[in-house]
Every structure is written in C-alpha cells, then in structure tokens.
Amino acid sequence: MDTGEVLLSDVTVSFGSNYGDRRNNVENAQRWFSSIAEDCRHSSIYETPEIHGKGKPYMNAVASGAVRLDIGKLHELSKIFEAENGRDEERRRRGEVPIDIDIVLWNAKTVRPADFAREFFQIGFREINK
C-alpha cells in the first residue's frame, strides 16, 4: 500500500560563492539546507581558487543530511534559493556567483563526479566525514 510518504534520502551538497558577501551567502545557504534536512553535518567555510584560475576566489562549504524529498524536488528548491539570492543569467555571464548549490551525492551515489573529485568539494567532505 502506497502511503504517499517520501522516504528519507541521504544527500551531500556543496555550496559556493564568489560574489558579494561570500561568507554570508554560504552561511545563508547552510541555514536553508538545515531547514529542509535532518541530521545535518556542515563543514567549516573555506576559500578556494576559482577552478579555471581566472575568476575570483570562492568561499565554499559542504553539508550532509537526510531529506524527505526526491532528488528532482531538492534540485528545484536549490535553484529557487539561488535565484532568490541573486543568481541570474546576467551574473552568470559575468562570472559572478552569489550562491551555487549542487547535489553531489545522493544515497551514497555520486551524481556529480567532476565536483566530487574537485578540491573545493573534497576539503569540506573530508571534514564532515572524519
């Protein structure tokens, strides 16, 4: 019998910002994630260079938790949060990222392998999985 209840899914996300008050932008994203996820673990916020070496440095963090959403809905909500916090096409063209939220792991499956391999993710991932 289907009760309509969505089961808990484990998720690990990355946060990044290279525009405006970068630390505050990441802190706001961490609070947003904590409002929809249970049993959250957050890394510290740390700075990394832009991956192509030509843009402004990023403030990054990683968080893990359990959500009662499917991956599509979590992705949709994260993109809404990004837009509400200044992410748009014009800024994207200029390389300005007020906030970027990416789902990297979903139920122990790597859904963004390139991000998983990058140092900007691995720093925080190692920290929350000590």
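The values are calculated or read from the model by the stated rules, or taken from the named source; none is laboratory data. Since we're looking at a predicted model, the values are computed, not measured. Note that each Cβ is placed from the backbone with ideal geometry, even for glycine, and that neighbours are counted across all protein chains shown.
The test for being in contact with a helix residue (DSSP H, G or I) (Cβ under 6 Å, 6 or more places away or on another chain) and modelled with pLDDT of 95 or more does not hold for Arg31. Taking (1) within 12 Å of the chain's Cα centre (by Cα); (2) farther than 21 Å from Ile36 by Cα in turn, Glu47 satisfies each apart from (1). Residues in segment 3-43 that are in a loop (DSSP other than H, G, I, E, B) and under 19 Å from Ala117 (Cα atoms): Ser43 only. The residue that is nearest to Leu8 (Cα to Cα), among those in segment 42-65 that are surrounded by fewer than 14 Cβ atoms within 10 Å (Cβ to Cβ) and touching a strand residue (DSSP E or B) at 6+ places or on another chain (Cβ under 6 Å), is Glu47.
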